[in-house]
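Written below as structure tokens is the structure these notes are about.
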Amino acid sequence: MQGYRRRYIFSLVMVMFAQTLLIFNPFIMRILINTFIVSEKALENLQTKTNLLFMLVGLTVAANLIRTGFRYLSDMLLETCSQGAVYRIRAHLFNSMQSQAADFYDLYRTGDIMTRLSGDIEMVRHTTAWSFKTMFENIVCFLAVSVFYFSINVYMALCMLAITPLILVFSTMFHKKVGPLYGELRERLSELNTSAEENISGNRVVKAFAAEEFEISRFGNTNREYASQSKKTAIAWWRFFLPMETTSQAILAVHLVAGGLFAINGVITMGDYMAFSMLSWALSMPMSMLGYVISDLKRFSASANKIIEVYYGRSKIVDRADAVKLNQKICGDIEFKNVSFTYNVEKDKPILSDISFTVKSGQTVAIMGETGAGKTTLVNLIPRVYDVTKGEILVDGYNIRMLKLSDLRASIGIATQEVLLFSDTIENNIAYGIDAELWENNTDLTTKTVRDCAKMSDAHEFILNTADGYDTIVGERGVGLSGGQKQRIALARALAVNPSILILDDTTSAVDSETEKHIQESLRSLSCTKIIIAARISSVKDADLIIVMQNGRITETGTHDELINQNGYYKEVYDLQS
């Protein structure tokens, strides 16, 4: 709540004043009744103390207006503070997720992350704006009324307050019983959102396999689990709410019986009785609201714990304190020294084992191998999507852990086989990695760069044939474009950043041979270091170095001609494709 704390505290102070003013009306009414109604000199007082009567009525009206004003201003301030705090939390959460390493997204499901950014944060807003305020105003109301009661008559006050300890007992039992249920309900909601998100994202696959009924059934199961948990939580809540509500309403019965007896016997005046009567709700209402507040606080606790996991989460892949700040662009020399990698050191087997090779700036390296050999994992280590488990990777002679992430990644262009395009124009998708300040200051240069890169990736012609050319909105995840078209846009996006190291992970797998030939000719003109993962011999045969991987290890290295003569995996693939 940085920046909002003073306003929040000030709003609570106004809540305190507003609740304290509750006792003003009964206080005035007590004087009016005792002076102008039940007093033996009531008629005389009406004639001689008319000014007092009008003053008391005026004070009552003024107190109500002031209290209403305090409540209005406090509600406005609390809403402003809660919205401001939630805005900062949501922004911080998103920033935190942007800085997380890939293992964060391996651990958390998309639906779970979306729940944290939406439902959980909304629960924080509701609690900040309503639950905390309600709890505070009920505490102030209870204390103010209790003090006022004791100032009138100690015995009557004790009778009215005698039942309240029972409420505390019920609320403690409620806290222990219902708390875990809200945590479980939060998990069921996360699963429900994940199920819906996966179905929406994969709707084409669902329709392709005519699996609509299966998905409806699967979502139905998740929905029933959430509904069942909601019902279980609600029943538990109402089970405790009934005795709490009954006990709180018993205060009214105590007032009727005890107050009536005290009034009949002259222990309290009729004005005192009316003052107790007018504020009996002010004791019962905080007791009644206690169940609602505790319920909200338990839901808040479940949501806040989920937010805290991400809010205070820190990526393990960060800049070192002594990281080197490069004053020039990376050249592109790469060296792997005995590199090994495991996703989970304690549980999993190594994905990569003892990988060593060297690439000079401007060279082209091709990587081939069976599915699951570790090719994509290997290239993901270069921009530090993951960090090596053993060994080290050098770029321009520097251990990449000693370079600033911004410098390292800004010099690397990546195009993957699984392309993700944003719901934006084709031009904005290609220019995605270009520096925003450069784009704003020189739009013409950026536009020219986008088109030049599109021509190099053989995307320019088909882009011009779309509805609005480069201004065409591609739709979510590039829906409406073929696999080859998306790959060419992704390649243009990688080229647009003018990389020193270009990584292409099976980028031409969905394009035809003629397009592939055009792309290869364009890539030869680039002076950057190129690392190409491909399954086609035609994509790798001209590389300066070809690396063959099997089971996470390098089994063959050499040029096309050298590997043809080794009669290994490469020769087998060559024979099959020839």
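Calculated accessible area for the chain comes out at 52 Å² per residue, all protein chains present (probe 1.4 Å; ligands, DNA, RNA ignored). Sparsely packed loop sites in segment 321-397 (the GluC sites (Glu not before Pro) outside DSSP H, G, I, E and B with at most 10 other Cβ atoms within 10 Å) comprise GLU346.
If the segment from PHE10 to LEU65 were pulled out straight at 0.36 nm per residue, it would be longer than the present Cα-Cα gap by 17.9 nm. Going by Cα centres, segment 137-200 and segment 349-393 are how many Å apart? If we compute the Cα centre of each part, the gap is 57 Å. To put it simply, the accessible area of the chain at a 1.4 Å probe is 57 percent carbon and sulfur. Figure note: LEU256, LEU403 ranked by solvent-accessible area, largest first, 1.4 Å probe, ligands and nucleic acids not counted: LEU256, LEU403. Taking a straight Cα-Cα cut-off under 15 Å and skipping sequence neighbours fewer than 8 places away in the same chain, the aspartates and glutamates within cross-link reach of LYS207 are GLU198, GLU215. The alpha carbon radius of gyration of segment 78-200, expressed as a multiple of 2.2 N^0.38 Å, is 1.57. With K and R counted +1 and D and E -1, the other residues having a Cβ less than 12 Å from that of GLN485 yield a net charge of -1.
Hey, with R₀ at 51 Å, roughly what FRET efficiency would ILE200 and THR559 work out to, going by the Cβ-Cβ distance, to 0.05? Write down the numbers at each step before the final one.
On the way: r = 47 Å, r/R0 = 0.93.
Efficiency computed from Cβ-Cβ geometry: 0.60.
Among the trypsin sites (Lys or Arg not before Pro) within segment 301-347, which fall in a DSSP loop and have no more than 13 other Cβ atoms within 10 Å of their own Cβ?
ARG314, LYS316, ARG320, LYS325, LYS329, LYS347
Assuming charge only on the beta carbon of Lys and Arg (+1) and of Asp and Glu (-1), the dipole of segment 272-323 about its Cα centre is about 320 debye to the nearest 20. Put simply, the amide H of ILE546, placed in the peptide plane, has neighbours under 5 Å in ALA366, GLY558, THR559, leaving out anything fewer than 5 places away on its chain. Taking amide hydrogens as placed 1.01 Å from N in the peptide plane, the amide H of LEU352 sits under 5 Å from those of PHE341, each at least 5 positions away in sequence or on another chain.
Counting 0.36 nm for each residue step from LEU46 to ARG109 and taking away their Cα separation leaves a gain of 15.2 nm. Just list whichever of LYS375/LYS517; LYS325/LYS375; LYS375/LYS571; LYS325/LYS360; LYS404/LYS517 have alpha carbons separated by over 26 Å in the model shown. Distance filter (> 26 Å) returns LYS325/LYS375; LYS404/LYS517.
What FRET efficiency comes out for VAL57 versus SER171 if R0 is 45 angstrom and r is the Cβ-Cβ distance? Round to the nearest 0.05.
After rounding, the FRET efficiency stands at 0.70.
Using the Cβ-Cβ distance between LYS349 and LYS325 with R0 = 45 Å, the FRET efficiency computed as 1/(1 + (r/R0)^6) comes to roughly 0.75. How much net charge surrounds GLN19 when only other residues with a Cβ under 15 Å from its Cβ are counted (Lys, Arg +1; Asp, Glu -1)? In short, +1. Other residues with beta-carbon under 15 Å from the beta-carbon of LEU192 carry, at +1 per Lys or Arg and -1 per Asp or Glu, a net charge of -1. Remark: for residue pairs LYS329/LYS486; LYS176/LYS232; LYS231/LYS298, the C-alpha separation exceeds 24 Å in LYS329/LYS486. With both labels modelled 7 Å from their Cα along Cα-to-Cβ, the GLU521 to ASN338 distance reads 4.7 nm.
Would segment 288-413 count as rounded, prolate or oblate if I go by the C-alpha gyration tensor, calling it rounded below 1.5 in a/c and otherwise prolate when a/b exceeds b/c, oblate otherwise? It comes out prolate by the Cα gyration axes. The distance separating the Cα centre of segment 89-104 from that of segment 21-64 comes to 62 Å.
Where both bridge residues fall in the chain, DSSP classifies roughly 50% of the beta bridges as antiparallel. Over all distinct Cα pairs, what is the inverse of the mean 1/r for segment 255-331, reported as the Kirkwood hydrodynamic radius in Å? Its Kirkwood hydrodynamic radius stands at 18.9 Å. Among the trypsin sites (Lys or Arg not before Pro) within segment 452-515, not one is in coil by DSSP while having at most 10 neighbouring Cβ atoms inside 10 Å. Listed values (1) 64; (2) 44; (3) 48 include one computed from this model; for percent of Cα pairs over 32 Å apart that value carries the label (1).
The values are calculated or read from the model by the stated rules, or taken from the named source; none is laboratory data. The structure displayed is predicted, hence computed values, not measured ones. A quick note on method: Cβ atoms are made from the backbone with ideal geometry, for glycine too, and the neighbour counts reach across all protein chains shown. Heads up: the accessible areas ignore ligands, DNA and RNA and are worked out on the full protein's heavy atoms, side chains in. Shrake-Rupley method; radii C 1.70, N 1.55, O 1.52, S 1.80 Å.
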